[in-house]
Structures are given as C-alpha cells and as structure tokens.
1. Calculated from the structure, percent of Cα pairs over 17 Å apart equals which of (1) 61; (2) 64; (3) 69?
2. Residue by residue, what Karplus-based ³J(HN,Hα) values in Hz, rounded to whole numbers, does region 84-94 have, using 6.51, -1.76 and 1.60 with θ = phi - 60° and x for Gly and Pro?
3. Most exposed first by the Cβ proxy, i.e. fewest other Cβ within 10 Å, how do Val108, Val62 rank?
4. Is the shape of region 96-146 rounded, prolate or oblate, going by the alpha carbon gyration tensor and its root eigenvalues a ≥ b ≥ c, with a/c under 1.5 for rounded and a/b larger than b/c for prolate?
5. Using the basic label-point model (7 angstrom from Cα toward the beta carbon), what is the Tyr77 to Leu6 distance in nanometres?
6. With axes computed from alpha carbons, what is the tilt in degrees of helix 100-127 against the longest principal axis of the chain, rounded to the nearest 10 within 0 to 90?
7. How large is ³J(HN,Hα), in whole Hz, for each residue of region 64-81 in order, when computed from phi with the Karplus curve 6.51 cos²θ - 1.76 cosθ + 1.60 and θ = phi - 60°, using x for Gly and Pro?
8. Ranking Leu123, Leu78 by Cβ neighbours within 10 Å, fewest first, what do you get?
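Here, each number is a calculation from the coordinates, and none is a lab measurement. Keep in mind it's a predicted model, so treat the numbers as computed, not measured. FYI the Cβ positions are ideal-geometry reconstructions off the backbone, even for glycines, and counts take in every protein chain you see.
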Amino acid sequence: MKYFSLPYFFVGIQLSCLFIIAATGPLLANSDWGILVEFTGIFLAILAIYHMRIGNFNIAPVPKTEGELVTSGIYKYLRHPMYLAQLMAVIPLLYDHYTHFRLIVWFVLLINLLFKQHYEEKLLKNHFKGYSSYMKTSWRMIPFIY
C-alpha cells in the first residue's frame, strides 16, 4: 500500500478544484464588480506571497523546518490570506458563468480549505511556540467574522 500523505491530499483537492473551475469557463469575469473582486483576490495572493517570502512559502500545509513565523504585513490580520485570495478570485467566475457543477466544485474547494486550515494550524502550533499567541491577535481568514 502506498503511503498516504494528508497534506498533499489537501493540495491535490485544492488544485483540482481550481483547475476544474478554470477549465469550465472563462478566466475573467464579465462584470465590473466581478473583475474588481477577482483582481482583489489576485492582489491579495501576491501580497501574501510577498509578505511570506518565497523561501518561507509552502503549498503543502506543513511548516518548513527552517521556516519563520510571519506575523507582519497582511499576516498581522489574517493567518490564511492565500485561502481567502483563492476563494475571492473564483467567486466572480462562478457567479458570471454559473452552473450547478461549478457551484459544487467551489463548495468542495471551500470545505477542503477549511479542513486544510485546521490541519495546518495544528502543525503550526506545534512547530512555532508563538503561534498560539498569534492566533489570539489575528483572524483565521475573514476579518471580523472568521
């Protein structure tokens, strides 16, 4: 039996959902508000990667051995801005080119990201001694809500 790796299972589901949404409709929203939300999501993703620094970034929800806990920039407010960015970038695509199938795929992505967050935070608490304190001063993904 092959070794099952939960972190890469999460990544596989995430990338599959993003690919399906991209492959089943246009990559740009039709509406002005859709373009605004989509590009806000893309900007948030770029900002998150910039503050995380490429060498510290990991697509799998596993802290790098030599990684540093980043609590500045966008990470001062949000612990998982990349997840929010992905959801924001694809919502307008779903809305402007709606099908039931794409909605289901988006919900699979959402649920996967929620499970991925909880898994990742458990590992981060064990890896970084200051992570529990950081959790008390930041939002998980959506300011003032979650």
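1. (2)
2. Running phi through 6.51 cos²θ - 1.76 cosθ + 1.60 with θ = phi - 60° gives 4, 4, 5, 5, 5, 5, 9, 4, x, 5, 5 Hz.
3. Fewest-to-most ranking of Val108, Val62: Val108, Val62.
4. Verdict is oblate for region 96-146.
5. According to this spin-label approximation, the distance is 3.1 nm.
6. Compared with the principal axis, the helix lies near 10 degrees.
7. 6, 3, 8, x, 10, 6, 9, 10, 10, x, 4, 6, 5, 9, 10, 7, 9, x
8. Leu123, Leu78
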